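Please treat every number below as a calculation from the coordinates, not as lab data. Here the structure is a predicted model, which is why all the values come from computation and not from measurement. Cβ placement follows ideal geometry from the backbone for every residue including glycine, while neighbour counts extend to all protein chains displayed.
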Amino acid sequence: MQSKIGGRLTPAFLFSSEIFNFWKKELEKLQFKHGILTVGITGGIGSGKTTVCKIFEELGATVLYADDIAKKLMEEDEKLKKEIEKLFGPNAYIEGKLNRKFISDVIFSDKEKRKALESVVHPVVVKEIIKKFKEISKGKSEDFVIVEAALIFESGFDKELDYVVVVDADEELKVKRIMERDNCTREEVIKRMKAQMSQSKKRSLADIVIQNDGDIETLRERVKFLYSLFQKISKSSGMG
Ligand code: ADP
């Protein structure tokens, strides 16, 4: 949208019932960037961003998963495939299928290669997501679209989105959840966490922060609130 309303929202402010009246006039002026309200969900590993997106889906929202789109394009977009082969050599694909094990081994130990891969993949993924936004907005049946992406700020994709929600949780809780989810050691989790943008930086760039320190029911209540907030923003914008 042209003028983002209010700046960053804290959960405490979000749960104020006066929010809609307070912003009503501002909301009427809103223009969404891609013809429909677009919301990015991001957060560090283990914060709960996938869980948040699943709840949005359960509530009826359309969620695009950037990772899935990237995986598909890396196998189907011929121009991108050529660029990946140029970066990683002939072992990058086996009979047309991406050699994931080989690629992830290389980028795990070579930061430059990881950055080079990201710089060829991100623009193609962003273009595809924007194409999907346009298709969804033409359909007129959705109030808003959610995109889950781990690297929203790192890739500059936040500039294409109307709002970015950062999911966060207590550090120790994240470590425990990931150890359990991925069946790995504390050291492995900490190494992966350290390779990411810090959560404090992400929080400072967020429009909305969801703190995921409670149980799943508490998280569901927060997502429900955001779901109705986004519906209201969409309907009030005059673009729906
Ligand atoms: P991310 O996508 O940010 O890496 P996930 O959504 O996969 O994180 O969550 C990490 C793990 O923690 C998953 O196994 C998920 O089921 C679990 N989890 C997420 N939120 C909660 C919560 N509020 N209570 C209990 N477990 C949770």
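Okay, residues lined up against (1) among the charged types (D, E, K, R); (2) over 30 Å from residue 105 (Cα atoms); (3) in contact with a strand residue (DSSP E or B) (Cβ under 8 Å, 6 or more places away or on another chain):
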site	(1), (2), (3)
204	no, yes, no
226	no, yes, yes
231	no, yes, yes
235	yes, yes, no
task: Enumerate the pairs (first residue in region 209-221 and in contact (Cβ under 8 Å) with a residue 60 or more places away in the chain; second residue anywhere and more than 10 Å from the ligand (Cβ to nearest atom) and part of a loop (DSSP other than H, G, I, E, B)) with beta-carbon separation below 8 Å, excluding pairs fewer than 6 apart on the same chain, so at least 6 apart or on different chains.
output: 209/8; 209/10
message: One residue is enough: does region 115-132 have a residue meeting the conditions over 18 Å from residue 73 (Cα atoms), in contact (Cβ under 8 Å) with a residue 24 or more places away in the chain, among the aliphatic types (A, V, I, L, M) and in contact with a strand residue (DSSP E or B) (Cβ under 9 Å, 6 or more places away or on another chain)?
response: no
- line: Picked from region 164-193 (must be near the ligand (Cβ under 10 Å from one of its atoms) and buried (at least 20 other Cβ atoms within 10 Å of the Cβ)), the residue farthest from residue 33 (Cα to Cα) is 178
statement: Taking region 43-69 and keeping only residues that are more than 15 Å from the ligand (Cβ to nearest atom) and either small (Gly, Ala, Ser) or in contact with an Asp or Glu (Cβ under 8 Å, 6 or more places away or on another chain) (or both), one is left with 60, 61, 62, 69
Failed item in (1) touching a Ser or Thr at 6+ places or on another chain (Cβ under 8 Å); (2) more than 21 Å from residue 41 (Cβ to Cβ); (3) more than 15 Å from the ligand (Cβ to nearest atom), with residue 145 passing the rest: (2)
- prompt: When you go through (1) touching a His at 6+ places or on another chain (Cβ under 8 Å); (2) over 17 Å from residue 41 (Cα atoms) one by one for residue 151, which number turns out not to apply?
  reply: (2)
